[in-house]
Protein chains: 2
Amino acid sequence: MRTSQYLLSTLKETPSDAEVISHQLMLRAGMIRKLASGLYNWLPTGLRVLKKVENIVREEMNRAGAVEVSMPVVQPAELWQESGRWEQYGPELCRLTDRHDRPFVLGPTHEEVITHLVRYEVSSYKQLPLNLYQIQTKFRDEVRPRFGVMRGREFLMKDAYSFHIDKASLVETYGKMHAAYCAAFSRMGLDFRPVQADTGSIGGTGSHEFQVLAESGEDLIAFSTASDYAANIEMAEAMAPAGARPAASAALTTVDTPNVHTIDEVCAFFNVDAKQVAKTLLVLGDADEQGQQAVVALVLRGDHELNDVKAEKLAGIAQPLTFASDEQIKAAAGCDAGSIGPVGFAGRIVVDRSAAHLADFICGANVTGKHLTGANWDRDIAAYEIADIRNVVEGDPSPCGQGTLLLKRGIEVGHIFQLGTKYSEAMKATVLNEAGKATIMEMGCYGIGVSRVVAAAIEQNYDDAGIIWPDAIAPFEVAIIPMNMHKSHRVAELAERFYSELKAAGVDVLFDDRKERPGVMFADMELIGIPHAIIIGERGIDNGVVEYKQRRSGEKSEVAIDEIVRHVQSQLQR
Amino acid sequence: MRTSQYLLSTLKETPSDAEVISHQLMLRAGMIRKLASGLYNWLPTGLRVLKKVENIVREEMNRAGAVEVSMPVVQPAELWQESGRWEQYGPELCRLTDRHDRPFVLGPTHEEVITHLVRYEVSSYKQLPLNLYQIQTKFRDEVRPRFGVMRGREFLMKDAYSFHIDKASLVETYGKMHAAYCAAFSRMGLDFRPVQADTGSIGGTGSHEFQVLAESGEDLIAFSTASDYAANIEMAEAMAPAGARPAASAALTTVDTPNVHTIDEVCAFFNVDAKQVAKTLLVLGDADEQGQQAVVALVLRGDHELNDVKAEKLAGIAQPLTFASDEQIKAAAGCDAGSIGPVGFAGRIVVDRSAAHLADFICGANVTGKHLTGANWDRDIAAYEIADIRNVVEGDPSPCGQGTLLLKRGIEVGHIFQLGTKYSEAMKATVLNEAGKATIMEMGCYGIGVSRVVAAAIEQNYDDAGIIWPDAIAPFEVAIIPMNMHKSHRVAELAERFYSELKAAGVDVLFDDRKERPGVMFADMELIGIPHAIIIGERGIDNGVVEYKQRRSGEKSEVAIDEIVRHVQSQLQR
């Protein structure tokens, strides 16, 4: 490609409305342009990257035995009514009517459509397992679209759906897809982790997220320092501290603590570490037959945070997790929020594993303005349950049994689920099994946010000058930068020669043939992140050399004119 | 690909709701499945064809210097209000609102979005010409979707838009795109014609349609028997008959013609050919300042048909073309519709070139139940205009001056327009010209109905057994059909060997490894139209041969086992 026939559209200034680096650089590098909130035009440079990501995903899906199909963006509402998601899905589901006033949706995912398709196309266990995927435009009406294509409304997604006669077959395909995802993201040159994940509202059992590590990530991931273990913070199991709980040694004592409410205030008042304090939170339980909701006490160590997802999954706890109001607290504990404690609390008590390991601890006295010191489980609180209800913190023992946990931020670019029979049951998707009996199919679903991958890759690969693409997803692999070629016949001739030789060798090359100053050309090629550059100048030609520059390392070297094409090819990491 | 891991989904029965052959065969061959009216899932076999068509189009666009971009499906209404199409476009434009009640449309085309994009990205004539294209999902809410993907509501389209400093540059790019379209459709193995076309509601000047010839086509195309001339029937010019008009010889005579209304009845009554009769139609003219519409008489030869598009383009005629009501006829001509004629008609008269060549003709007398014989122009009708207002018929002289016209049916698969400044003017898309003056850009637009091409190709390539794909767009190039492979180790071994050898050679091969009777396998492979087949059987192996069969010719030949892979490769027409 010649820049003179291309739409480069680079910007010198950082657009003021772009918060994250990838959004800023995608605008500056002329990759995308905003059409409306959450809607973007992909300019040529952006689309080239998007297509490369798409092709890697397609190749790995095919290699994993998935078969490509294509389903419409516009879907009839009836299927969503059948699955139950017509009611469950909030305003993120864009609903519309056609000219005959029939209701439709713009598909945010395609579970309904694929289940509908497969229930008519597949009738026997002999046709299973079947794994179908598409790479297709999706729409989700985000309440606050942001970060450019990272959280847009219209986006490109690879979504795959697998169908199975039994759970064992699902687990096998799930494993193949896990491997295919690892292969795809590795080929793209990304630093990523597959992490155990919550299945969220989509339901089902086993699930992994694929997280690209980046400081700007919205998700927090826990890793083992000594093994492959990685889990989303929502899922990472917090283990009980090692060893047995120390024995009680102090007497239970009530202390006046006027104006002491928070854990920080308690620590300051008693001059102790938060690790010696038990923090008690009151949440609502499930409604009983009369519609009454009991109040449940959740007890954590003062330095720990409640994990809502874990707490919500406890039997008997209202979903979504709902904290008791001041009135409900007063009624249940007899005091204000700052003085609640497990000792003498009349209701159900759930204690985090670490809090349950405390002895001689400090807690609220269930009397406003009073705390207890020397509190002890069993001795002072007879009935309580122990559960994992907190977020892990760095240094926690890893639940895999090896090493301790580290926390890092990540950007979710893929998600795989063992859906089970959630959709196939609602939509009566059955096949005949070996015995000739109609059997509900097991399903898996597997997504990659193709357009989001582009942004995530930038969050991980940039410097002050711009983007630094991994070779495999760069818009171009090589830039040819001829200095003052419009004045130098020799420079122009060499540039043309390298351009045709590289093109003939199948290298993806951008020939900057604009009448621009060398500084402008360098800046543009660095900004759009082309990994390899050949710089041609009069002075070099006098010495029989041109310059090769690597974008990532910034290293420059002089290479003989007749060697440069081979040299560049040897540097490519495809 | 192995059929055992594929979703073949062929059907034995022809679905009752499919009218045209391509729709029937796409359903039977497992290429598509209906999701809702005009909305189709593309199954693997269909998608493979669609992708091959898409790739050929992409390659030819790139070769022609067009640069790929991607614009959203969902477009903000403001742009459509700016161009004026928000009001002009009928219910085919699907309108929706987002969660904040902001109005959007599902894009049926992208003139507004691209013009909006380019007006901000391009500022100087130096950046022109620029030709941007996308291959993208479109939505058009057809009142009666039909013929499967031929006239669906959601479809895949390649749309390109070019921008120019002047008309000459537009004409040059238009020519390149014309050539690229010819190259693309030729590579797909289609029998097509570029034909002169009306620009319709999109406006602008020069335009060609690309028509795939097929009897089921909705469009009628006129060709010269002696040149490359081809035009849509709406556009094909009807020439005046050769020579001078014969002189008047008969006297004008009024004849009682009770119950004679139609041309057929007139011919029977007078025992003459329709070529001797003038047919008069009354239509409405433009409204005057008082909102009154005069009635205009259009006169054709009895054997000719009015061409609405041509008539509508006449100055002073109401758009859309509107026929006078019985009351308006009575008021203007003083008689019923069956007796109108030009002699003595008080209003404006427009005569088709062929009708204007008549002498001593028969026409209505403007008195109910009476006709005139021996009517003659000039002698009996003083004031009239001559224009081309009829459809051409087979045998007409070609307007190119060479040969006569033939008529054939076609399916429109592409359309190119010289748009001019319709959008760039409405949306103020200017660049600075060489003199530094803001100049409205000239635009071209260029569409290919990618999904429609798939159906059109079938309309042209099928037989009783199913589809006959041209190699370049076949879902698979070669089928391997092993007979009773599950009982014969030798057959299975050879099939596996050919499969890996052909795959290694980059051939697109489907290995039918199902436990099916040979008859079922032959029928399926013929139905889905794979152009080349290798049939492996025990008996052949005894003689050291396998069978090669060509789908189109039906010819079979025995080929030595060690030769077959090379033989098949030599037959491929890529």
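Rule-based calculations on the coordinates, nothing more; no lab input. What you are looking at is a predicted structure, and each value in this text was computed from that prediction instead of being measured. FYI the Cβ positions are ideal-geometry reconstructions off the backbone, even for glycines, and counts take in every protein chain you see.
In bins 20 Å wide, starting from 0, what share of all Cα pairs of the protein assembly as shown does each bin hold, as a percent? Pair shares across the bins are 10, 30, 32, 19, 7, 2, 0. The alpha carbons of region A:223-372 stretch over 49, 44, 25 Å along the principal axes, in descending order. Using the empirical formula 2.2 N^0.38 Å as the baseline, the Cα radius of gyration of region B:56-129 reaches a ratio of 1.33. In order along region B:339-346, the Karplus-derived 3J(HN,Hα) couplings, from 6.51 cos²θ - 1.76 cosθ + 1.60 at θ = phi - 60°, round to 10, 6, x, x, 6, x, 5, 7 Hz, and Gly and Pro are given as x. Across identical copies of the chain, B:Asp273 has label-point separations of 11.3 nm, listed in ascending order, with the point defined 7 angstrom from Cα along Cα→Cβ.
The Cα atoms of region B:1-64 give a gyration tensor whose axes a ≥ b ≥ c have a/c of 1.5 or more with a/b no greater than b/c, which makes the shape oblate.
By other beta-carbon atoms within 10 Å, ranking A:Asp159, A:Asp378 with the fewest at the front produces A:Asp378, A:Asp159.
Taking a straight line from the alpha carbon of B:Lys52, these lysines sit under 17 Å away, with near neighbours fewer than eight places off in the same chain left out: A:Lys51, B:Lys158. By the count of other C-beta atoms within 10 Å, a proxy for reagent exposure, B:Lys275, B:Lys34, A:Lys52 are ordered fewest to most as B:Lys275, B:Lys34, A:Lys52. Each copy carries a label point for A:Glu92 at 7 Å from Cα along the beta-carbon vector; from one copy to the others these points are 3.6 nm apart, nearest first. Fraction of C-alpha pairs exceeding 42 angstrom in chain B: 40 percent, rounded to a whole number. Per-residue ellipticity at 222 nm computed for chain B from its helices equals -7500 deg cm²/dmol, with DSSP H segments shorter than 4 residues left out and the rest contributing -39,500 (n - 2.57). The distance separating the Cα centre of region A:153-198 from that of region A:364-422 comes to 28 Å.
Rg of the Cα atoms in region A:125-245, relative to 2.2 N^0.38 Å, amounts to 1.28.
Of all alpha-carbon pairs in region A:92-144, indicate the percentage at a distance above 16 angstrom. Intermediate values should be presented prior to the final figure.
Working: 799 of 1378 pairs.
Percent of Cα pairs beyond 16 Å in region A:92-144: 58.
Rg and Dmax of region A:306-365, based on Cα coordinates, read 12.5, 34 Å. With the alpha-carbon atoms of region B:298-409 aligned to their principal axes, the span from lowest to highest coordinate is 43, 33, 24 Å, starting with the largest. Hydrophobic, long helices, defined as DSSP H runs whose alpha-carbon span along the helix axis is 27 Å or greater and whose mean Kyte-Doolittle value is at least -1.0, occur in chain A at A:44-63, A:167-187.
Label point of B:Lys126 (7 Å along Cα→beta-carbon): distances to the other copies' equivalent points are 6.9 nm, sorted ascending. Taking 13 Å as the straight-line reach from the Cα of B:Lys176, the aspartates and glutamates in range (excluding those fewer than 8 positions away in the same chain) are B:Glu60.
Normalised by the number of residues in region A:446-530, the mean separation of alpha-carbon contacts (under 8 Å, six or more apart) gives a relative contact order of 37 percent. A straight Cα-to-Cα reach below 24 Å connects A:Lys370 with the lysines A:Lys275, A:Lys279, A:Lys330, residues fewer than 8 places away in its own chain not being considered.
Under 5 Å from the amide H of A:Ser207 lie the amide H atoms of A:Ala197, A:Gln418, each residue being 5 or more positions distant or on a separate chain, with H modelled from the backbone and absent for Pro and chain starts. Rounded to the nearest whole Hz, the Karplus-based 3J(HN,Hα) values (6.51 cos²θ - 1.76 cosθ + 1.60, θ = phi - 60°) of region A:478-488 follow the sequence 9, 10, 9, 10, x, 8, 6, 5, 6, 10, 10, with x at glycine and proline.
Under a model in which nothing but the beta-carbon of Lys, Arg (+1) and Asp, Glu (-1) is charged, chain B shows a dipole of about 1360 debye around its Cα centre. Each of A:Tyr120, B:Tyr6 was scored by other Cβ atoms within 10 Å of its Cβ. Listed from fewest to most, they are A:Tyr120, B:Tyr6.
Here the 3J(HN,Hα) profile of region A:381-391, calculated from phi with Karplus coefficients 6.51, -1.76 and 1.60 at θ = phi - 60°, is 10, 7, 10, 7, 10, 10, 8, 8, 10, 10, 6 Hz, Gly and Pro shown as x. For region A:68-182, a crude dipole built from +1 on the beta carbon of Lys and Arg and -1 on the beta carbon of Asp and Glu, taken about the Cα centre, is about 340 debye to the nearest 20. When the Cα gyration tensor is reduced to axis lengths a ≥ b ≥ c, the ratio a/c is 1.5 or higher for region A:453-505, and with a/b not above b/c it is classed as oblate. Averaging the sequence gap over all C-alpha pairs within less than 8 Å and six or more residues apart, then dividing by the number of residues, gives region B:207-334 a relative contact order of 17 percent.
Entry note, region A:390-510: relative contact order of 15 percent, from Cα contacts under 8 Å with a spacing of 6+ residues. Chain B comes nearest to the axis taking it onto chain A at the Cβ of one residue; that residue and its distance, in whole Å, are B:Leu96, 2. Name the shape class, rounded, prolate or oblate, that the alpha-carbon gyration tensor gives for region A:1-137, where a ≥ b ≥ c are the square roots of its eigenvalues, rounded holds for a/c under 1.5, and otherwise prolate holds if a/b is larger than b/c and oblate otherwise. Since a/c reaches 1.5 but b/c is at least a/b, the shape of region A:1-137 is classed as oblate. Under 5 Å between amide hydrogens, built in the peptide plane, is the criterion, and for A:Val545 it picks out A:Ile561 among residues at least 5 positions away or on other chains.
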